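This report refers to the structure that appears directly beneath it.
What follows draws every value from the coordinates through simple rules; no lab data is involved. What you see is a predicted model; the values in this text were computed from it and never measured. When we count neighbours, we look across all protein chains shown, and the Cβ atoms used for this are built from the backbone with ideal geometry, even at glycine.
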Amino acid sequence: MAPILLFFLKSVALIIIALAGFAYTTLLERRFIARLQARIGPNRAGPQGFLQPVADGLKLIVKESITPAQADKVIYFLAPMIAVIPALIVFAVIPFGSDPIFSLMGDLNIGVLYILAILSIGVYGSALAGWSSNNKYASLGGLRASAQMISYELALGLSLVAVVLMASSASLNDIVKYQQPGNILGWLIFRQPIAAIIFAICAMAELARAPFDLVEAEQELTAGFLTEYGGMKFALFYMSEYVKMIAMSALFATFFLGGWSGPFVNEVPVLSLVYFAIKVVIGLLIIVWVRATLPRFRYDKLMSFGWKALLPIGLANVMLTALLIVLGVY
Amino acid sequence: MSGELIVFIVLAIISVAAATGLLTSRNAVYAALFLIINFATVAVMYLMLNAPFLAIIQISVYAGAIMVLFLFVIMLLGAERLNGEVLSKDLKWQRPLAGGLGVLLLIQAAYVFVSRFGASPVAPDLIKSGPMEIGMKLFNSYLLPFEVTSVLLLVAIIGAVVLTREK
Amino acid sequence: MNTISPYILLSAVLFTMGVIGFLTRRNAIMIFMSVELMLNSANLAFVAFAHQWGQLDGQMFVFFVMAVAAAEVAVGLALIVTVFRTKQSANVDELNQLKG
Amino acid sequence: MQLFYISPILFPLLGLLINATLGKRLGERAIGAVASLMVIAAFIVSAMVFSQVGALPEGTSAIPVDLGIPWIQVGTLTVPFGLQLDALSATMMLIVTGVGALIHIYSIGYMHGDPRFQRFFVYLNLFIASMLVLVMSNNFLLMFVGWELVGLCSYLLIGFWFNNIKNAEAGRKAFVVNRIGDVGFILAIMAIFVAFGTLTFTDVFSKVATFGVNAPIIVGITLLLFVGATGKSAQIPLFVWLPDAMAGPTPVSALIHAATMVTAGIYMMTRAHVLFAAAPDTQTVVAVVGALTAFVAGSVALTQNDIKKVLAYSTISQLGFMVAAAGLGAYVASVFHLATHAFFKALLFLAAGSVIHGMEHLSHSKHGAHGDHKEPIDPQDMRNMGGLRTKMPVTFIVFLIGSLALAGIFPLAGFWSKDEIIVAALSKNILVFVLLGITAVFTAFYVGRQLVMVFFGKPRTEDAAHAAESSPLMTIPLIILAVLSAIGGALNLPGVGSLGNWLAPVLGEAEAEAFQIGVAGFFTVLSIAALAGAWALYRNAYAKADDKDPLQKLGPLYTFIKRAWFIDAIYKDVVVKLFYAACSFLARVFDIGGIDGVVNGAGTLVQKASGGLRKAQNGFVRSYGLMMLVGVVVIVAWFVYSAGAR
């Protein structure tokens, strides 16, 4: 019974970490954006606004739950949950540290495929939310969400194919280990810069965050698929977005920044957790920074960029990588 | 009863229930969601049948691509309401006949499958079926079908583009 | 479990349900989904047999079936979209001009 | 190592690929260089193969090359992709690639400025590769592949300047006439398979002895093979295509229609000599047909005015010599004559090309290259020439050497090889001897006539007066070939018999015909007399281009000979007309009445039946689905039932 118990404990720990991460990522974003925009940001609740997420959460929980009269009740109710689940279960295969105990599923030899599969079902939450709200803005937002996510998933998958080719394994642990030997130049961001850039862009698009936040472009669609949502259901969507953000950052760190690797990891395994956390936070800061900097895409430009630029480049990158591997350059 | 059998029975019940939902639902979106549930249970069965790779592919191809496409089209066309499922007069006899024949087919299939194959025990030496093994098999024994499939997909892409292009 | 009979049985049930769906629904989208259900049940049988014989070939078949299904859905949905544009309906009984 | 042995075929193919794909960008020089270098490479490999064959231990006749590639496996028939590398094929490889290389180099100069320069070299390379397939194969079927491929190349190159409909028609004629011969060959191959159960040379030959002498099947096979040879090697009755084939560019005439392809029939008969030896009846036919061909073509050559036509009929005539020799069983003499003929006839054609080139010099300086414009006068008509001796000295000398070699003047190559054939005929078949003897005199006469008309006297046209020597690219191959024509007799000098010894492992120890000084002297004297006669007749015959030929005094006989014994006309008016009549009969009665009736009847039946079945097509997708389900249920039920019954 011990392995199942351990698995259960790890799952609980992971969910708690994800929830806490979600809460404090919102604070991080608000404070950091404020700095970037020469403001101060929330600093009243607790020291340095440290209790702000708690306050926000309380507010959302106690808010009255409204259901639009013409909505499809069941799906309207289910959609937020459907949105959260993929965001959370992505973490299952990510190795947070050097020891197997630091990841939920251990070493899964189809980890990358698992991630792609989970990311591909992430679209249901927003699409169903948009449809079930029975609201034009919401429907459009939902449609946009599904089209955008499907489009960018392809390029994302291709960038990961290059990574898998390099590491010749689809296990995330192997990919991290592949980047480990030697110096920092072993990181795939240096050896697969094109894949890294494509992954970063696609991850941003999958998150539907600026500059790809057309799903909820407030000037055009009010709040997109979120228009009819409020209270706890809205909080769930909000949570799914931020948890996914952490997940994407963690994936980027795993695939391109050497994962948990760093100096003295073998001597002090706990250090690996620290390194990983640092890399994830850096990733989060960059995502926020991009949001604060770049304007939003136009919708048709977004689609043609995904299909006509990222996808061909991703394909070319895969072919180039394969060629270089065959030639023995890598 | 072994643990696996219990899991199987639970999954099978969910799966058949979802299929029933698919058959009876008046709303295309619900039907699609039922179908997704069915696919998910089958994916889990793949895991139990030593096909983890296919399980993941099942999720990402069926749930992640095909069904999203279905939902997308349903939403895009606003075709979710399936009211007025009245048969044309010419086809009144269709439904009972289809049902009867379906049951007949089920009996036949169950008989054939179970009597012919079901009794044989599972091969003890299970091969690995990770991405490596699948890939080796795919690019060695099944190279031609693989290439033909790629051509098929290309044709499908072109067909879809041509069909939906505004005149 | 030391036998694959339950899987095969389930596959047969699902297949029959797909057949019945295919024959009794009028909406092209529903018909399509029934076809997917049938394909899927066939896949389940394939995987089960692959498990029974300890060979990968059944899984390879499923692989190709999935690719074919994807292609079929792409073209089929494109057809449905086109038909819907002209007929404002996805009812296959209204598409009966092709008759003798 | 196996690749080394295939490489003579692969090199020209590589050149073909390079020129076909990149030719547009390469430019003339590079195209010519690539094509020629590839053939030279093939020549070098052939030379190495040749020396390897020479170094074979006693008792083995061929380099064992097993490519291990089965080509066709049907029932009991197994045809390999196999090579037969023995003394015979090595000799042929050397001739093909050697003469081929020289002609490639010559063509760079000759085809300069032609708009289809690239295509020409692609075809030439393809020809070399095909010819090598023909001579290197170790079975009849692969040989037939090469046989057909060289036929294709011949067709493509005869009609190379297809802008002129006549050239295209000449190509078509060659193709059709060759097909008739090929039918014989392919029937022979089938018969060989029926009789022997294999197509590989060594297997077939080892089984011949079991049939006995003049067994009907062997006679049939050899006769059919000979039909194939008459097509490719331009023997009676299928020689009519070769004179027309002169429509192709001159290097093509030299390479394909004098030196190599037309000798394929002789090569094939030599290769199958074991079969022919078992069928003396066929051999007699072969010898007589060869001698007749030599005689007829030699007589026609007397009256031709086109410089290339003379050479064409001469080629047919000389091929007749070789075929006759093969028929007499004097295979060594046949191959010997094949080799020397390849040298001097290629030389003569190329020199003729050089003359034509020189004749076109004036109009080219005004208009451009060959083929794409109408020449003001015919540059190939010998009546338009005259006095070119001083204008084109190198060409004159090499032409003279080639002509004398052809005429069989001592000690040039032709003397030795022709003499060997005549001696063989004397001892074996007196009719053949007489025909060949007369032909030898004819040969000397038309050679003399040609020399006088082209090179002596005064220029009879503006073009002849302004003729200029060709570029070194063309003259150097000529000089090399002239040297070979002069000393080629050394290959098989009487008493030394080196070629005979060389070929002995393949052809068996032939009893060498003793060199008969009387016969040789007799024919040398006759030849010199014929040359002198030609000099006397023609020295002053043509003052102007449109003067009458002195031989016209012969009256109707002259016309008869000049029109090539009316054989072409007979074909056209009798054979082709009969064929058309038969075709039209078949088309009206069988096709429209019988076959169309059946087809239309079937169509009507289907139409009627489908009219009835149409009602099942009610347009409802689901009812179709239901029918499918019914079908499935029934079929599965059948399976369940039949499985239960078992």
### Message
How large is log10 of I(q)/I(0) for chain A at q = 0.09, 0.12 Å⁻¹ when the intensity is taken from the Debye formula with one equal scatterer per alpha-carbon?
### Response
-0.49, -0.88
### Query
Gap in Å between the Cα centre of the range B:1-58 and the Cα centre of the range A:27-77?
37 Å
#### Entry: Charge dipole of the range D:570-645 about the Cα centre (unit charges at C-beta), most positive-ward option of D:597, D:619, D:638
D:619
### Query
Kirkwood Rh, Cα Rg: Rg to Rh for the range D:384-540?
1.06
### Query
Which listed residue (D:125, D:536, D:152) has the Cα farthest towards the positive end of the charge dipole for the range D:2-562, taking +1 on Lys and Arg C-beta and -1 on Asp and Glu C-beta about the Cα centre?
D:536
#### Entry: Cα gyration tensor shape for the range A:68-160, rounded if a/c is under 1.5, else prolate or oblate
oblate
### Message
Restricting things to Cα coordinates, could you compute the convex hull volume per residue of the range C:5-89 in Å³?
### Response
57 Å³
### Query
Whats the longest run of chain D with zero GluC sites (Glu not before Pro) that are DSSP loop and have at most 16 other Cβ atoms within 10 Å?
D:59-508
### Query
Ranking A:260, C:53 by Cβ neighbours within 10 Å, fewest first, what do you get?
C:53, A:260
### Query
How much mean residue ellipticity at 222 nm does chain A get from its helices, if each DSSP H run of length 4 or more adds -39500 (n - 2.57) and you divide by all residues, to the nearest 500 deg cm²/dmol?
-22000 deg cm²/dmol
### Task
Return a whole-number percent for the relative contact order of the range C:5-89, with Cα pairs under 8 Å and 6 or more residues apart as the contact set.
26 percent
### Query
If contacts are Cα pairs under 8 angstrom and at least 6 residues apart, what is the relative contact order of the range D:168-267 in percent?
36 percent
### Summary
Toy charge model, Lys and Arg Cβ at +1, Asp and Glu Cβ at -1: the protein assembly as shown dipole around Cα centroid in debye, rounded to 20, equals 2760 debye
### Message
Can you tell me, using C-alpha contacts under 8 Å and at least 6 residues apart, the relative contact order of the range D:2-562 as a whole percent?
### Response
13 percent
## Note on the structure
Residue by residue through the range D:179-190, the couplings from Karplus 6.51 cos²θ - 1.76 cosθ + 1.60 with θ = phi - 60°, in Hz, x for Gly and Pro, are 4, 4, x, 5, 4, x, 4, 5, 5, 4, 4, 4
### Message
Tell me which DSSP H helices of chain A clear both cut-offs, 30 Å or more of axial length from alpha-carbon atoms and a mean Kyte-Doolittle hydropathy of at least 0.5.
### Response
A:2-36, A:136-167, A:231-256, A:270-293
### Task
Could you go through the range D:31-44 in sequence order and give the Karplus-derived ³J(HN,Hα) for each residue, using 6.51 cos²θ - 1.76 cosθ + 1.60 with θ = phi - 60°, rounded to whole Hz, and x for Gly and Pro?
4, x, 5, 4, 4, 5, 4, 5, 6, 4, 4, 4, 4, 4
### Message
Quick query: amide H of residue D:72 versus all other amide H atoms, modeled in the peptide plane; which residues come in under 5 Å with a sequence gap of 5 or more or a different chain?
### Response
D:79
### Task
Of the options C:63, C:31, C:88, report the single residue whose Cα projects farthest towards the positive end of the charge dipole of chain C (beta-carbon charges: Lys, Arg +1; Asp, Glu -1).
C:88
### Query
Under a plain spin-label model, where a point goes 7 Å from the Cα along Cα-to-Cβ, how far apart in nm are residue A:67 and residue D:73?
7.3 nm
### Summary
Amide H proximity to residue D:306 below 5 Å, modelled H, separation 5+ or other chain, gives D:382
### Query
If you put +1 on each Lys and Arg Cβ and -1 on each Asp and Glu Cβ, how big is the dipole of the range D:570-645 around its Cα centre, in Debye rounded to 20?
240 debye
### Shielding by other protein chains, B:23-31, mean Cβ within 10 Å
4
### Task
Evaluate the charge dipole of chain C about its Cα centre and quote only its size in Debye, nearest 20, assuming +1 on the Cβ of each Lys and Arg and -1 on the Cβ of each Asp and Glu.
320 debye
### Query
Residues with amide H under 5 Å of residue D:62's amide H, sequence separation 5 or more or different chain, H placed in the peptide plane at 1.01 Å from N; which?
none
### Message
Only counting other Cβ atoms within 10 Å, I'd like D:476, B:66 sorted with the fewest neighbours first.
### Response
D:476, B:66
### Task
Go ahead and set up a Gaussian network model of chain A, Cα springs under 10 Å, then flag whichever of A:213, A:300, A:107 fluctuates most.
A:300
### Message
For a quick check, take a GNM of chain A with Cα springs below 10 Å and name the residue from A:264, A:102, A:91 with the largest mean-square fluctuation.
### Response
A:264
### Query
Arranged by the count of other C-beta atoms within 10 angstrom, fewest first, what order do B:46, D:155 take?
D:155, B:46
### Inter-chain Cβ neighbour average for residues B:137-143, partner chain, 10 Å
3
### Task
Give a residue-ordered list of calculated ³J(HN,Hα) values for the range D:607-612 (Karplus: 6.51 cos²θ - 1.76 cosθ + 1.60, θ = phi - 60°; whole Hz; x for Gly, Pro).
4, 4, 4, 5, x, x
